[in-house]
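Novice: Below you'll find the structure I mean.
The values are calculated or read from the model by the stated rules, or taken from the named source; none is laboratory data. The structure presented is a predicted model; accordingly, all values stated were derived computationally and were not measured. Glycine gets a Cβ as well: all are built from the backbone with ideal geometry, and neighbour counts include every protein chain shown. Side chains are part of the model used for accessible areas, which takes the heavy atoms of the whole protein and leaves out ligands, DNA and RNA. Shrake-Rupley method; radii C 1.70, N 1.55, O 1.52, S 1.80 Å.
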Amino acid sequence: MYYSHPLKTSPAMTAAPFSHNNRPLIEVTGEGKVSAVPNRAIIVLGAITESPSLAIAQSENATAVTSVTNALLSLNIPREQIQTVTYRIEIQYNYEDGTQIFRGYKVTHLLQITIDRVDQTGLVVDTAVKSGANFVSSIQFTISNHEIYYNQALSNAIQNAESKANTIARTLGVTLIRTPLNVTEKTRVIEPPTPFQASLLTEGATVPTPIQPGELEIRAVLGAQYTYF
């Protein structure tokens, strides 16, 4: 933050800024935060199959992913909210005494599922696993109406900027003009909870998967210039 006042300066200090009408300025950075409970979950999961035969690896993978897709549709998840995000075929090798030996093929097919009922996240994962999914890449939580929360964070940021400017003005013994001369939006940040991460899943789990969405933090940062007399 910067302010102008007749102070003794050191070589490292620069002259304080003035406004276009030659009024001295107080320049501050305002920060605002708002917490929100996520109302949308994005789940990435799917099937990984391996076989010496590419045709078999692809066929087994297609069977598993089709089964998973049908099971998710049975949960009334719209088809447009289930989409492929990764489809990959890799050749697998073993290495013996420095020699590369062909082992087979690995087929990876991952789906991204978007749901608006975060309380069903565990159900979606469990249903997919029971239906043939053997890999969960990630689970992330977001909010669909983040602009509402961001605008609130902006409002908090300008209040924070004014509070800082008032503190400086009181310390200097001057009167702050509350309406800022200039306000500049700097940063918007949405900080999600730590994404749920999982690797290969084992079959036969009997306990429902407990997944907690936590809270998102929406943060706004702005710069504001105030004049005083």
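Novice: How much accessible area per residue does the range 40-182 have, counting only protein heavy atoms and a probe of 1.4 Å, in square angstrom? Provide the component values of the computation, followed by the final result.
Specialist: Working: 7520 Å² over 143 residues.
Averaged over the residues of the range 40-182, the accessible area is 53 Å².
Novice: May I pose another question? With each label point set 7 Å from Cα along the Cα-Cβ vector, what nm distance links T84 and K130?
Specialist: Spacing of the two 7 Å Cα→Cβ label points: 2.7 nm.
Novice: Continuing with the same structure: Any idea how far apart N151 and Q92 come out in nm if each label point goes 7 Å out from Cα toward Cβ?
Specialist: 5.3 nm
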